[in-house]
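Below is the structure I would like to discuss, written out as structure tokens.
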Amino acid sequence: MDEHVLHTYQRAEEVFVSGNGAEIVDASGKQYLDFLGGIAVSALGHAHPGLTAALRDQVGKVVHVSNLFRHPYTEEVATRLARLSGLEAVFFTNSGAEANEAALKIARKFHKNAGNPERTGFIAIEGGFHGRTLGALSLTHNAKYRAPFEPLVPGCSWVPANDVAALESALRRERPAALVLEPIQGEAGVRELTREFLRAARRTCDATGTLLVHDEVQGGCGRTGQFLAGDAASVKPDIVTLAKPIAAGLPMGACVVSKGLVDTLQPGDHGSTFAGGPLVCRAALVFLRELEEGGLMQQVAERGTQLRAGLEGLQREIPLISELRGRGLIQGVRLARGAEDAQRELYRAGLITNRTGGDVIRLLPPYVITPAQIARGLDILREVLRAL
Ligand SMILES: Cc1ncc(COP(=O)(O)O)c(C=O)c1O
């Protein structure tokens with residue numbers, strides 16, 4: 001059947017058929033520990049009882065009504081996202097790329113409304129990944145992803161990560177509509193932007209009238225133990241984009257804007273048929289209630305500390321580990337060589353991770369992972385990396 005699916009991914013051989021929490025089972029009955037969570041998506045793990053019950057209930061009521069009508073779940077999710085992010089209002093989407101597309105359109109229209117229609121370009125950061133749609137792809141740094149589809153959106157450029165002087169001079173020279181950055185660059189190999197750089201970005205955006213967009217599609221929604229990765233630097237962007245874990249596995253994204261941008265888009269300016277419907281919002285509510293009222297964010301912080309301490313122990317033992325990156329439940333183990341083999345061997349040993357940025361084994365476990373499962377994952381990592 002595979003011949004009828006376009007080959008846009010290098011798919012692994014394993015076929016997963018069921019799961020429970022941070023464990024997942026393949027078609028042969030083999031059990032794995034899931035340290036990838038569907039690439040930062042399955043925050044509540046697999047077969048979460050609260051999510052399962054809520055979705056069963058919702059499917060029996062109403063799945064879709066259209067954005068021509070209001071729905072209480074949509075409004076409650078938006079209210080919670082505004083509260084958690086410290087921003088004001090939400091445009092719902094079905095993915096991270098679409099959340100970024102919304103941010104780009106809002107930035108352009110904001111400047112047009114302000115009498116600066118020439119401010120149409122964007123600056124992003126080297127190594128950044130923002131998605132595969134034409135607008136989001138225009139800001140994605142890796143030339144391999146962009147080249148086959150050029151020409152893309154004009155006026156996009158990149159500055160080196162953590163180079164404050166380069167950032168300041170680019171913003172002053174180019175006067176873009178927005179600066180778009182990931183506080184933690186997931187696809188670049190879990191590379192963190194420094195607090196100094198994030199603060200300089202905020203300061204220079206303010207000084208040049210540039211909108212600041214934080215793409216927190218991968219690092220946001222509690223993944224670092226705080227709701228936004230940018231919170232650690234006490235930086236509030238004008239727009240934050242979210243997706244991946246936000247509906248605990250169902251497709252959902254959000255473009256959350258500050259007060260000054262609430263009226264930028266007017267009826268008819270933007271839309272999305274499926275986005276923010278009752279089913280995904282019911283799922284998002286289960287997740288956001290766990291984060292806000294269920295102590296899940298604190299749990300992420302604790303598991304993250306445990307994971308980091310364990311990885312530091314491994315680094316002392318195993319010279320192959322050249323660097324540790326990230327925090328909370330987004331961490332990366334950089335290897336001096338053999339990352340591709342390591343990932344394959346980890347699958348064989350029953351640990352699902354993935355390789356990113358070339359030489360980094362990326363760990364993005366579900367937020368509900370237990371201390372014992374973290375310890376077991378570390379044991380498997382030790383065994384496999386030692387053997388290499
Ligand atoms: C930081 C970031 N932005 C955007 C995207 C694109 O999200 P999606 O695949 O949901 O379109 C990703 C996906 O990996 C991401 O990591």
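Quick note: the coordinates plus some simple rules give every number you see, no bench work behind them. This is a predicted model, so every value here is computed, not measured. Ideal geometry is used to build each Cβ from the backbone, glycine not excepted, and the neighbour counts take in all protein chains shown.
Determine the shape class of the chain: with a ≥ b ≥ c the square roots of the Cα gyration tensor eigenvalues, call it rounded for a/c under 1.5, and otherwise prolate if a/b is greater than b/c, oblate otherwise.
Oblate.
Right, here's the next one. Place a label point 7 angstrom from the Cα of Ser157 along the Cα-to-Cβ direction, then list the residues of segment 194-209 whose backbone nitrogen is under 15 Å away.
Hits in segment 194-209 for Ser157 at 15 Å: none.
What residues of segment 281-310 lie in the reach of a label at Ala375, counting those whose backbone N is under 20 Å from a point 7 Å from the Cα along Cα→Cβ?
Zone members listed by number: 299-310.
The chain: longest stretch without exposed trypsin sites (Lys or Arg not before Pro) (DSSP loop, at most 15 other Cβ within 10 Å), sites themselves excluded?
Formally, the longest exposed-site-free interval is 133-336.
Which of the chymotrypsin sites (Phe, Trp or Tyr not before Pro) across segment 69-126 are loop residues per DSSP, with 12 or fewer other Cβ within 10 Å?
Counting only loop positions with at most 12 other Cβ atoms within 10 Å, the chymotrypsin sites (Phe, Trp or Tyr not before Pro) in segment 69-126 are Phe69.
About its Cα centre, what dipole magnitude does the chain give when the only charges are +1 on Lys and Arg Cβ and -1 on Asp and Glu Cβ, stated in debye to the nearest 20?
500
Considering Cα pairs under 8 angstrom that are at least six residues apart, work out the relative contact order of segment 1-152 and quote it in whole percent.
Reported as a whole number, the value is 10 percent.
Please give the contour-minus-distance gain from Leu388 to Ile318: 0.36 nm per residue of separation, less the Cα-Cα distance, rounded to one decimal in nm.
That works out to 24.2 nm of additional length.
What is the Cα centroid distance between segment 161-196 and segment 92-124, reported in whole angstrom?
17
If r is the Cβ-Cβ distance from Ala12 to Ala336 and R0 is 22 Å, what FRET efficiency results, to the nearest 0.05?
0.40
Pop out the ³J(HN,Hα) list for segment 165-173 in order, Karplus 6.51 cos²θ - 1.76 cosθ + 1.60 with θ = phi - 60°, rounded to Hz; leave Gly and Pro as x.
Values, residue by residue: 4, 5, 5, 4, 6, 5, 5, 5, 6 Hz.
Can you sort Phe197, Phe129 by how many other beta carbons sit within 10 Å, fewest first?
Lowest count first: Phe197, Phe129.
Of Gln331, Tyr347, Pro365, which is farthest on the positive side of the dipole of segment 289-388, counting Cα position, with +1 on Lys and Arg Cβ, -1 on Asp and Glu Cβ, and the Cα centre as origin?
Tyr347
Kindly flag which residue pairs out of Lys105/Lys259; Lys61/Lys236; Lys112/Lys244; Lys61/Lys259; Lys61/Lys244 have an alpha-carbon separation exceeding 27 Å in this structure.
From the list (Lys105/Lys259; Lys61/Lys236; Lys112/Lys244; Lys61/Lys259; Lys61/Lys244), the Cα-Cα distance tops 27 Å for Lys61/Lys236; Lys112/Lys244; Lys61/Lys259.
Let me ask something else. At 0.36 nm per residue, minus the direct Cα-Cα distance, what do Lys30 and Lys236 gain on full extension? Give it in nm, one decimal, please.
In short, 69.7 nm is gained.
State the extension gain, in nm to one decimal, for the chain segment bounded by Thr194 and Arg56, taking 0.36 nm per residue of separation less the distance between their alpha-carbons.
Taking Thr194 through Arg56 to full extension adds about 45.4 nm, to one decimal.
For segment 263-333 and segment 38-86, what is the separation of their Cα centres, given in Å?
The distance from the Cα centre of segment 263-333 to that of segment 38-86 comes to 16 Å.
Next question. Starting from the Cα of Arg203, step 7 Å along the direction of its Cβ; do the same at Ile39; then give the gap between the two resulting points in nm.
3.6
What is the chain's relative contact order, in percent, from Cα pairs under 8 angstrom and six or more apart in sequence?
In percent, rounded to a whole number, it is 23.
Evaluate the distance, in nm, between pseudo-label points positioned 7 Å from the Cα of His4 and of Lys144 along their respective Cα→Cβ axes.
The modelled label-to-label distance comes out at 3.1 nm.
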